[in-house]
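Every number in this text was worked out from the coordinates using simple rules, so none of it is lab data. Only a predicted model underlies this, so the values are computations on that prediction, with no experimental measurement involved. Here the Cβ positions follow ideal geometry from the backbone for every residue, glycine too, while neighbour counts run over all protein chains shown.
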Amino acid sequence: MPLINLPAFAADLLADFERLGTLRVDTPVIQPAEPFLDMAGEDLRRRIFMTESETGKSLCLRPEFTIPVCLRHIETATGTPQRYSYLGEIFRQRREGANEFYQAGIEDLGETDVASADARAIGDAIAILTARLPGKKLDVTLGDQSVFEAVVAACGLPAGWQKRLIHAFGNSTQIETLLTRLSSPQPVTGLSPEIEALLASGDDATLIAHLDETMEATGYSTNASRSPKEIAARLKEKRALEKTALDGRTLAVLREFLSLNMPLADAPAALFAFAQKSGLTLDGALSRFDARVAALGNAGVDAKTLTYRAAFGRPLDYYTGMVFEIVIEGSSAVLAGGGRFDRLMTLLGAKERIPAVGFALWLDRMEQALARPKGEAAQ
Amino acid sequence: MTITIALPSKGRMKDDASAIFDKAGLKIVAVGNERSYRGRVEGLDDVEIAFLSASEISREIGSGSIDFGVTGEDLIREGLSEADARVEFCARLGFGHADVVVAVPEIWLDVDTMADLGDVAADFRARHGRRLAIATKYWRLTQQFFSSQHGIQLYRIVESLGATEGAPASGSADIIVDITSTGSTLKANHLKILSDGIMLRSQACLVRARKAGHTDDPLVAKIIEAVQGAVA
């Protein structure tokens, strides 16, 4: 049976967190399952340990810290900005590795200077890993969904397509499938002559009334799920786009963007050149990107040692901007993963928008990296 | 080594399975009375027949406590993670046909494909303050199909163990994943199957638990060959 002792460097980590001026919090191990499933999606269900309370409430063993830390922040109505740190056990069903292991990290809530907060999160993660894993060469990869959002917006794509592309961002298979699908027209078929006539007439009110009547007649509530108005609007949008396909030029522009991969120090110039060449206006997104690179410099991080990969993202809908991960050179085991999640706090019930950025350290992988002789690559 | 074969304990599935085994030259006789839950195969002393419910068969084959079973592919794939690594589908038996499908209300005129459904799911929370709810008893199949094959993450499963087709009209879910053989129940509930919404075309199968001891067992090979011959 494996031991679940705290790693030897845990005390040093806590000292790091204190030196960084964070507030250490610990959350209950047993958590309501609902927020995790709601935020991460159903797929999480088979990867967490779930049980039911006597009263039928779904509970789980804490699968990560970000959501509990954010929920606690909302419940205690703590003011912002506030930087939290945590170190504790999390529980996940994994094919490889133990099912319970330690994670530590920092969540930075409410800092409105986004560039500095991003840079500080990346800088802190690098500094901690460098201090705890002496002699190991780190590879840091950074991505930014907001640049991709700016690219699809500047390409002038229909709003529905933009949403789909952004939704698939970070999952290369999904993006590729989607680009292929959008490259050919998607005819709307199978509608009854009556609906066709209503669509053709452009009389929205009658179309909606017709859907409403049909739902009533077939025993469907018109407000429990999708409403007649919502269905009619999306049907009209599909009809309007059915002869449209992604043109070859735009497709090439999107593909070129997604293939960008370079030292972060070169990325501002490369993105500017890409925008110029493609005739896209990305000013806002690019200036925010440049500000972050500058802030990294101020935080003492050498942007030449970081990699920018344009297609890198996390397909979770609360990640909104910068994401990063850190591995040891030549290994694929992620030691630190982080990013900006400006949408999470309001999704969890915060009354106002609270910008947030953070990262988590995988202590078990750090231990394994330490145990490995120098120069030997991990799996 | 004694080989245990589990067969459905009642209904059409029981009769159809017995008929196939008969045709394969493996005549099944009940031990004791007609309602007994044990049986044997005439002329093969090393074979035991256990009559179990279809879902028990899937569980027992997963744990390896039986060697062969006749049950629906849907139950195997729903009941076992990494089914193909744990069991071998030896023969499809040509009965018990049913499709596991994604069905949405007919009135969702704008939703024909999984891609349409992905759009709707992505927007659902912003519009309705909750995730798209799917009523089903097929947790695993739904997750695989939605997440892995179609990249749709943003939905919630509402467990439904009966009358799943009624869930959208009653408001307890928005759409369903369920089994259908003729589609008539779906139609009666004003539901339609998405054009790419057939998750699995299931039928009764002879499945074998992948056990090391089977490799050189002539009896195992004989059973597989006989049943395959009967459905060829």
Practice problem: For chain A, set up a Gaussian network in which alpha carbons nearer than 10 Å are linked by springs, and say which option among A:Thr55, A:Thr320, A:Thr27 fluctuates the most. | Solution: A:Thr55
Quiz item: Taking the alpha-carbon centroid of each part, what is the distance from segment B:182-221 to segment A:300-379 in angstrom?
Solution: 41 Å
Quiz prompt | Convex hull volume per residue in cubic angstrom - Cα atoms of the protein assembly as shown | solution = 202 Å³
Practice problem: Determine the relative contact order of segment B:1-77: mean sequence separation of Cα pairs under 8 Å and six or more apart, normalised by residue count, in whole percent. | Solution: 39 percent
Quiz item: By how many degrees, between 0 and 90 and to the nearest 10, does the Cα long axis of helix B:218-231 differ from the longest principal axis of chain B?
Solution: 60 degrees
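Expressed in nm to one decimal, what extension gain is obtained for the pair A:Ser184 and A:Ala15 from 0.36 nm per residue of sequence separation less their Cα-Cα distance?
55.2 nm
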Quiz item: Are there any helices in chain A, counted as whole DSSP H runs, that stretch 18 Å or more along their axis by Cα and score at least 0.0 on average by Kyte-Doolittle, and if so which?
Solution: A:114-132, A:204-217, A:283-298
Self-check item: Most fluctuating residue given options A:Arg255, A:Arg19, A:Arg72, as computed from a GNM of chain A linking Cα atoms under 10 Å
Solution: A:Arg19
Exercise. Between A:Glu216 and A:Arg239, with labels modelled 7 Å along Cα→Cβ, what's the label distance in nm to one decimal, could you check?
Key: 2.2 nm
Practice problem: Find the relative contact order for segment A:77-217 and round it to a whole percent, using C-alpha pairs within less than 8 Å whose residues are 6+ positions apart. | Solution: 12 percent
Quiz item: What is the spin-label model distance, in nm, from A:Arg95 to A:Thr346 if the labels are put 7 Å beyond Cα along the C-beta direction?
Solution: 3.7 nm
Quiz item: Using the Cα gyration tensor of chain B, with a ≥ b ≥ c the square roots of its eigenvalues, what is the shape: rounded (a/c below 1.5), prolate (a/b larger than b/c) or oblate (neither)?
Solution: prolate
Practice problem: Could you tell me how many degrees, from 0 to 90 and to the nearest 10, lie between the Cα long axis of helix B:11-23 and the main elongation axis, the longest principal axis, of the Cα atoms of chain B? | Solution: 40 degrees
Quiz item: Using a Gaussian network for chain A with springs between C-alpha atoms less than 10 Å apart, which of these wobbles most: A:Gly190, A:Gly330, A:Gly300?
Solution: A:Gly190
Quiz prompt | Dipole magnitude (debye, nearest 20) for segment B:1-93, charges at Cβ of Lys, Arg, Asp, Glu | solution = 300 debye
Self-check item: Projected-area mean, segment B:98-202, by convex hull of Cα positions, square nanometres
Solution: 5.9 nm²
Quiz prompt | Proportion of all alpha-carbon pairs of segment A:130-185 beyond 15 Å (%) | solution = 59 percent
